[in-house]
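Peer 1: Have a look at this one.
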Amino acid sequence: MNLRGAPDVKCDGIPQEPECAATLPAGGEEAAWDRWEHFAGDALGRYKEERNNPDRDGCSMLSPYLRFGVLHPRQLLAELRPDPNHDHYRSELGWREFYADVLHHQPRTTWENLQLKMNAMPVDTDARAKQRFAAWCEGKTGYPIVDAGMRQMLATGWMHNRVRMIVASFLVKDLHLPWQWGAKFFMQHLVDGDIASNNHGWQWTAGTGTDAAPYFRIFNPAMQAEKFDPNGTYVRTWLPELASVPDKFVHVPSESPSGVPSSYVAPIVDHGEERDEALRRYKLVTGK
Ligand SMILES: Cc1cc2nc3c(=O)[nH]c(=O)nc-3n(C[C@H](O)[C@H](O)[C@H](O)COP(=O)(O)OP(=O)(O)OC[C@H]3O[C@@H](n4cnc5c(N)ncnc54)[C@H](O)[C@@H]3O)c2cc1C
């Protein structure tokens, strides 16, 4: 039908709902405030201590609502009191604003290293690198905390902050892949995907950004997991293959006397060797 005065524009029709296999959080402002009430009534009082534990309900999970402007950060600031846990929550909201500001002033850093000296860092992009990337994307690296994080994101569109840091570190420092590959995959799957927080979160981990974690500080995935998911509750939630692995080996099933369960995968790389390789590459760039 041609409406009077409307330009004759070719149109393919209304697009179908995109396919989405993930179970996403409820949309809308009411759902956002319900989540806030749940968090503020309980976990906010322990936020400083428990925000790093993916096995607890210890953070607000409000990122999708902030991302889409369902809530404004000022509305949350108005709910906070002078208190160490509230102060910590306030500072996390500050990181979001900080990264938005950095990107506003330096838009080139969306996909380029903020620290130009890190452009000299050798990264792998060959066929083996692509295979390793595919294993990382599917949550099949053989490192349970990494795989659990990736499966959580594929299933729900969200991943715990501590685990985001661990999976990102693994991609950059254990697999030696460009951080941009991981950042792009995150943007395709996160329901809170935000180009500033995401790409600068990646640059922080990769040691290429603002106030970056020094490149030589390399996360050991098993030690991170033992510290922040001591009983393996989180990894078992997302990796049912590990249900019968004893607690002691749940983060290192390859060391279990009964070996890696046949439904799971052996580690695709050796963390110790790749750590040395990452440090060797860092030395090439900095001479240190
Ligand atoms: C590699 C990597 C990628 C990330 N990608 C995103 C992304 O795409 N979108 C996104 O919103 N956050 C991202 N983050 C930051 C952080 O992981 C999430 O904001 C947080 O996990 C969201 O969960 P939450 O709402 O329970 O956080 P809470 O701990 O409850 O924090 C409250 C709010 O503060 C903000 N916030 C907390 N930590 C950070 C942080 N490190 N950087 C920026 N803002 C923060 C978020 O808006 C968050 O909702 C990323 C972090 C890393 C390391």
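Every read-out reported here was derived from the displayed coordinates using simple, explicitly stated rules and does not represent laboratory data. Predicted model, so just to flag it, every value in this text is computed and none were measured. Cβ placement follows ideal geometry from the backbone for every residue including glycine, while neighbour counts extend to all protein chains displayed.
Table: residues versus (1) within 11 Å of the ligand (Cβ to nearest atom); (2) part of a loop (DSSP other than H, G, I, E, B).
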residue: Ile14; (1), (2): no, yes
residue: Ala22; (1), (2): no, yes
residue: Ala32; (1), (2): yes, no
residue: Glu37; (1), (2): no, no
residue: Leu44; (1), (2): yes, no
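Peer 1: Let me ask you something else. Search the stretch 134-181 for residues being among the hydrophobic types (A, V, I, L, M, F, W, C) and touching a His at 6+ places or on another chain (Cβ under 7 Å), and hand back the single one that is surrounded by the fewest Cβ atoms within 10 Å (Cβ to Cβ).
Peer 2: Leu154
Peer 1: Let me ask you something else. Residues in the stretch 192-217 that are within 9 Å of the ligand (Cβ to nearest atom) and in a loop (DSSP other than H, G, I, E, B): how many?
Peer 2: Total satisfying the criteria: 3.
Peer 1: Now a separate question. Identify the single condition in (1) farther than 25 Å from Gly69 by Cα; (2) surrounded by 10 or more Cβ atoms within 10 Å (Cβ to Cβ); (3) not hydrophobic (A, V, I, L, M, F, W, C) that Asp34 does not satisfy, given that it satisfies every other one.
Peer 2: Evaluating Asp34 over (1) farther than 25 Å from Gly69 by Cα; (2) surrounded by 10 or more Cβ atoms within 10 Å (Cβ to Cβ); (3) not hydrophobic (A, V, I, L, M, F, W, C) leaves (1) as the failure.
Peer 1: Name the residue, out of Arg128, Arg162, that is more than 13 Å from the ligand (Cβ to nearest atom) and in a helix (DSSP H, G or I).
Peer 2: Answer to the selection: Arg128.
Peer 1: Looking only at residues in the stretch 53-64 that are buried (at least 17 other Cβ atoms within 10 Å of the Cβ) and more than 9 Å from the ligand (Cβ to nearest atom), which one is nearest to the chain's Cα centre (by Cα)?
Peer 2: If we take residues in the stretch 53-64 being buried (at least 17 other Cβ atoms within 10 Å of the Cβ) and more than 9 Å from the ligand (Cβ to nearest atom), then Pro54 is nearest to the chain's Cα centre (by Cα).
Peer 1: Okay, next question. Pairs please, first residue from the stretch 54-67 and touching a residue at least 24 places away in the same chain (Cβ under 8 Å), second anywhere and within 8 Å of the ligand (Cβ to nearest atom) and of a type in the set (Asp, Glu), Cβ atoms under 8 Å, 6+ apart in sequence or on different chains.
Peer 2: Ser63/Asp192; Ser63/Asp194; Pro64/Asp192; Leu66/Asp192; Arg67/Asp192; Arg67/Asp194
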